[in-house]
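Here the structure comes first, spelled out in structure tokens, and everything after it is commentary.
The values are calculated or read from the model by the stated rules, or taken from the named source; none is laboratory data. What you are looking at is a predicted structure, and each value in this text was computed from that prediction instead of being measured. Quick reminder, even Gly has a Cβ in these numbers, built from the backbone with ideal geometry, and neighbours come from all protein chains shown.
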Amino acid sequence: MKLYIFLSFLIVAGCSQQTSRTNTVGILADSAMVVSAHPLASHVGATILRKGGNAVDAAIATQFALAVVYPSAGNIGGGGFMVLRQKDGTATTLDYREKAPAAASAIMYLDSAGEVLEDLSARGHLASGVPGTVAGLAEAHVKYGSLPWKDLVQPAIDIALKGFVLTEREAKSLNNLQEDLKEFNSIEPTFLIKEWKGGDSIFYTDLGHTLERIRDNGAAGFYEGKTADDLVAEMQRGNGLITHQDLKTYKATWREPLRFKYKEYNVISMGPPSSGGIALAQLLKSVEPYPIAKWGHNSAPTVHLMTEAERRAYADRSVYLGDPDFFDVPAEELLSPMYIAERMKNFNPERATPSHEIKEGSIADHESKQTTHLSVVDSKGNAVAVTTTLNDSYGSRVIVAGSGFFLNDEMDDFSVKPGVPNMYGAIGGEANKIEPGKRMLSSMTPTILEKNGKLFMVVGTPGGTTIITSVFQTILNVIEHKMTMQEAVAAKRIHSQWLPDSIFAETGALLADDSVSLSRLGHAIHLRTDGIGRVDAILVQPNGKLEGGADPRGDDTAEGF
Ligand code: DON
């Protein structure tokens, strides 16, 4: 069975009459806030802020805590991106995306006939890229941290060793994992194998001790010594590729942010190897000339316009975006106003363009060659947006025996064969083919917005390829549809991505009339019965107070003061 997460929940839409506006304001704070996927992790981050730590300190501590309390996506065995805007307005991004191991190759998931070996890039030991999270967090701390490193790791250690109480949702999630835990691990992680209930206490002893080594030795506590030995032994037991050399040579990379303007807002987002920033820029610039505030949230004309912009942006993504260290990404061309105007020139308000009529745009002289987000603002006005991932929920399902953490299945984000969709239905080619040491293309879109030169919003989400469109909608919900942060995060979402040629709509996202109008224009509409995304965001209100937007689709929580 091919693991199409993206496609597996679809049934033809029967759309409801309910409106998706919630009329709620999120948690408010005077000056500092953390919003993350789990109440305990948000509490760890907020406690660091109360102790005088800055936004980077809080983001580091929150991520370590998420690795314990939210192990389906919070991680030390995965990777991520951090977007940082300091109080003086300077901004940077940190890329700690996983890399293909040195022994990886473009044909590693193909059989001798050149056909894709199903699920090999998504489950088990061969699915993992070299983890980047610990290197990233250590690098962020060296450059921008203010509290001692050990103080940022210790809360996660305490939770792992002293145990914590499972939420209903987390218990259910672990119960769904039981078969995979048995199938994909070389040594069964017996401590996780049981029927869980909300309210049960859970302990992550091996992970707690791994975090102690990270506390005491920094990144070396992960990339060298016992943790590295355990990881490499795990790889050898399961025919994986990651070696001591891969671990030792992994480095996180500071990159220039991707910046653009939407109306009077400056947007600061993640550039390649994420496709998020570029695609988000293309989407916002494509819809900017149109009166979507007047058309209304999720109305047929608005959804039609967004879908048409999305199919063009995702067609570009499939050809032009990959790791900039390996592939010459034509970012400037993709973002030029002339190029975007040209792409939208054949937008027809009366008709959906079938995706097979859409190709990537033409760029002169260009050779064709379960994730989680957290948003933090500190009382000085520094802001951090972090999206971090194992890829699928619990990544490869493999736990490093002896060290107690899940490994990613990020290799599936490469194009394992040109034109063959990955688990999110995304296709790619040369730009995103597997090469040793290369970073796989991501959709993660941690983003910060400014208005009048001041911090305005911190936003991001998990959701594979739906990340980009969820961030896109959340921004439009606030700026165009005048929603509060909490409303913007909770509002029902839609998604489209060129291929498959469909609009995916959460239950209740579209009124029946709008759904009929969209079908008449030629759109195929499918219902997504699971949610789209788990957006966590912070909005600076005109009076300077912070409003948290914590996604009700999960256990997500805002905590501030
Ligand atoms: O980097 C990416 O685009 C994906 N690995 C993200 C995966 C994800 O968001 C899964 N969460 N639901």
Any strands (runs of 3 or more DSSP E) falling wholly within the range 484-561 and containing at least 3 residues that are under 24 Å from Val35 (Cα atoms) and touching a Ser or Thr at 6+ places or on another chain (Cβ under 6 Å):
536-540
Filter the range 421-472 down to the residues that are farther than 24 Å from Val287 by Cα, more than 14 Å from the ligand (Cβ to nearest atom) and in a helix (DSSP H, G or I) and list them by number.
Glu430, Ala431
All but one of (1) modelled with pLDDT of 95 or more; (2) touching a helix residue (DSSP H, G or I) at 6+ places or on another chain (Cβ under 6 Å) hold for Gly464; state the number of the condition that does not hold.
(2)
Can you tell me how many residues in the range 460-477 are of a type outside the set (S, T, N, Q), over 11 Å from the mean Cα position of the chain (by Cα) and buried (at least 24 other Cβ atoms within 10 Å of the Cβ)?
1
Given the criterion over 30 Å from Ala313 (Cβ atoms) and outside any strand (DSSP E or B), identify the matching residue among Gly277, Gly208.
Gly208
Which one of Asp316, Asp325 is surrounded by fewer than 22 Cβ atoms within 10 Å (Cβ to Cβ) and modelled with pLDDT of 95 or more?
Asp325
The condition of being assigned by TED's automatic domain parsing to the domain that holds Leu94 and either touching a His at 6+ places or on another chain (Cβ under 7 Å) or outside any helix (DSSP H, G or I) (or both) holds, among Lys182, Lys197, Lys143, Lys172, only for Lys197
Matching residues, the range 47-78, being among the polar types (S, T, N, Q), part of a helix (DSSP H, G or I) and more than 15 Å from the chain's Cα centre (by Cα)
Thr47, Thr62
If you go through the range 369-416, how many residues are modelled with pLDDT of 95 or more, of a type in the set (D, E, K, R) and more than 13 Å from the ligand (Cβ to nearest atom)?
3
Go through the range 522-554 and give me each residue that's of a type in the set (Asp, Glu) and either within 13 Å of the ligand (Cβ to nearest atom) or within 13 Å of Pro462 (Cβ to Cβ) (or both).
Asp530, Asp536, Asp551
